[in-house]
């Protein structure tokens with residue numbers, strides 16, 4: 001019956017929505033072979049999706065993750081590389097704590113690879129974190145920054161880089177290869193994020 005549905009000029013504007021509904025309803029994937037109905041794609045910026053997921057998860061579960069989290073800020077853009085307000089800096093997540101400490105978490109949707117130099121962590125990412133450390137911590141003695149990557153194989157990657165300026169850059173991973181609706185998985189993710197926070 002669904003395949004016999006005709007679209008005319010009165011209802012043709014619903015054709016794409018109907019095709020998407022049909023694909024989702026029947027758990028199909030787009031088929032790009034010839035002579036099949038038109039397809040279209042939906043693209044997501046996985047960097048943004050990963051960052052927003054982590055931010056919102058911490059916001060909604062901050063008391064369970066760490067009781068002394070005062071504020072969860074995202075995309076704070078009030079610091080610059082140079083004095084004349086050029087080249088602004090925008091960390092993904094800044095956690096403020098009641099004891100006036102601070103932690104920057106920057107998410108990168110890239111797969112780490114132990115066969116690559118520095119496990120695949122790029123120099124540009126490290127330079128970016130170093131600049132965050134120089135500008136966002138004022139007179140803090142400890143300047144802690146986490147570079148957070150997704151992990152799909154449950155192997156825990158942990159590395160730390162320490163600079164002469166007391167900027168500590170931690171490379172950590174979080175596993176997202178689970179059922180988002182599972183209560184058990186949510187508890188596991190809370191435990192993982194607890195381990196990320198220094």
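None of the figures in this text is laboratory data; all of them are computed from the coordinates on show. Keep in mind the model is a prediction, meaning the values are calculated, not measured. With ideal geometry, Cβ positions are generated from the backbone for all residues, glycine too; neighbour counts draw on all protein chains shown.
Some notes on this structure:
- Share, in percent, of DSSP beta bridges within the chain that are antiparallel, nearest 5: 55
- By the count of other C-beta atoms within 10 Å, a proxy for reagent exposure, 129, 46 are ordered fewest to most as 46, 129.
- Put in line by how crowded their Cβ is, counting other Cβ atoms within 10 Å and starting with the fewest, 196, 169 read 196, 169.
- Per-residue ellipticity at 222 nm, computed for the chain from helices alone with -39500 (n - 2.57) per DSSP H run of at least four residues, works out to -9500 deg cm²/dmol.
- Cut-off 16 Å (backbone N to label point 7 Å along Cα→Cβ of residue 114), residues of the stretch 131-152: 151-152
- What the Cα atoms of the chain give is an Rg and a Dmax of 22.0, 70 Å.
- Counting neighbouring beta carbons within 10 Å and listing from fewest to most, the residues 59, 9 come out as 9, 59.
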